[in-house]
Structures are given as C-alpha cells and as structure tokens.
Amino acid sequence: MIRLRIAPDGTVRSLWTDEIDWPALGRSSVRRASHVEFCDDKQLWYIRAGKPRSRLGRILQLVLRRPFGEILHWARSRTEALAWEREHYEPGAAGWPLD
C-alpha cells in the first residue's frame, strides 16, 4: 500500500516509489529522508537519517556529498532494510516529519 499526504495547498508528500509515475503528476521536488547502505566491516545493511543532527554533520554532508546522519537501523538484507525504511518513514509513522 502506498500512503500519500496531501496538504491543503495540493502538495503531495510520500515515500518515493517507482510504482507511481511521479512525472505524470507534475514537477517533483525530492528530499531524502534516509540513506540505505551496506557496511563492509559488519556485513550488514543500515539506514542512516537523511539529515544529520549536528551542524558539523550537515556541513560535511553538503561539502563531501555523502551522508552523515545517525544510523537508525541495521538489517541482514537490503529487502529487510527497505521494509524498515518504508514502515518508519511512511506518512504518519515515527520518522515522518511533522512540518
């Protein structure tokens, strides 16, 4: 199931999914909520917050163009990591921004 949040001004917010033809809806603006990556040392997948908490982390992320947000979850498979990300960041879930 795909959940969408539609604001009074018509703005649609959701997790990105290729199941929706977003360009057909109009111009899109994408902001990352998280990054799913593989850790070579631990041989596990992890989900990292898209926006670092610290100002230094945000500056490093901008300059170095790599994620510096906190690690939120570890998973044995990419499928498990993506499922956790979807459950955590879907509209109304714990990771969904209130703004």
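Computed from the coordinates by the stated procedures, all read-outs in this text should not be read as laboratory data. Note that this is a predicted model, so its numbers are computed, not measured. Note: ideal-geometry Cβ built from the backbone for every residue, glycine included; neighbour counts use all protein chains shown.
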(message) Tell me the relative contact order for the chain as a rounded percent, counting alpha carbon contacts under 8 Å between residues six or more apart.
(response) 24
(message) With unit charges on the beta carbons (Lys and Arg positive, Asp and Glu negative) and the dipole taken about the Cα centre of the stretch 5-89, which residue among Val12, Leu25, Gly50 sits farthest to the positive side?
(response) Gly50
(request) Treating the angle as unsigned and between 0 and 90°, give the value, to the nearest 10°, between the Cα long axis of helix 78-89 and the longest Cα principal axis of the chain. (result) 50
(message) For Phe38, Phe68, which order do you get if you count the other beta carbons within 10 Å of each Cβ and list the fewest first?
(response) Phe38, Phe68
(request) At 0.36 nm per residue, minus the direct Cα-Cα distance, what do Thr79 and Val36 gain on full extension? Give it in nm, one decimal, please. (result) 14.4 nm
(request) For semi-axes √(5λ) of the Cα gyration tensor in Å, several values are listed as (1) 25, 13, 11; (2) 25, 18, 13; (3) 27, 17, 13; flag the one computed from this structure. (result) (2)
(request) Would you please name the trypsin sites (Lys or Arg not before Pro) within the stretch 10-99 that are DSSP coil residues with at most 14 other C-beta atoms within 10 Å of their C-beta? (result) Arg27, Arg31, Arg32, Lys42, Arg53, Arg65, Arg76
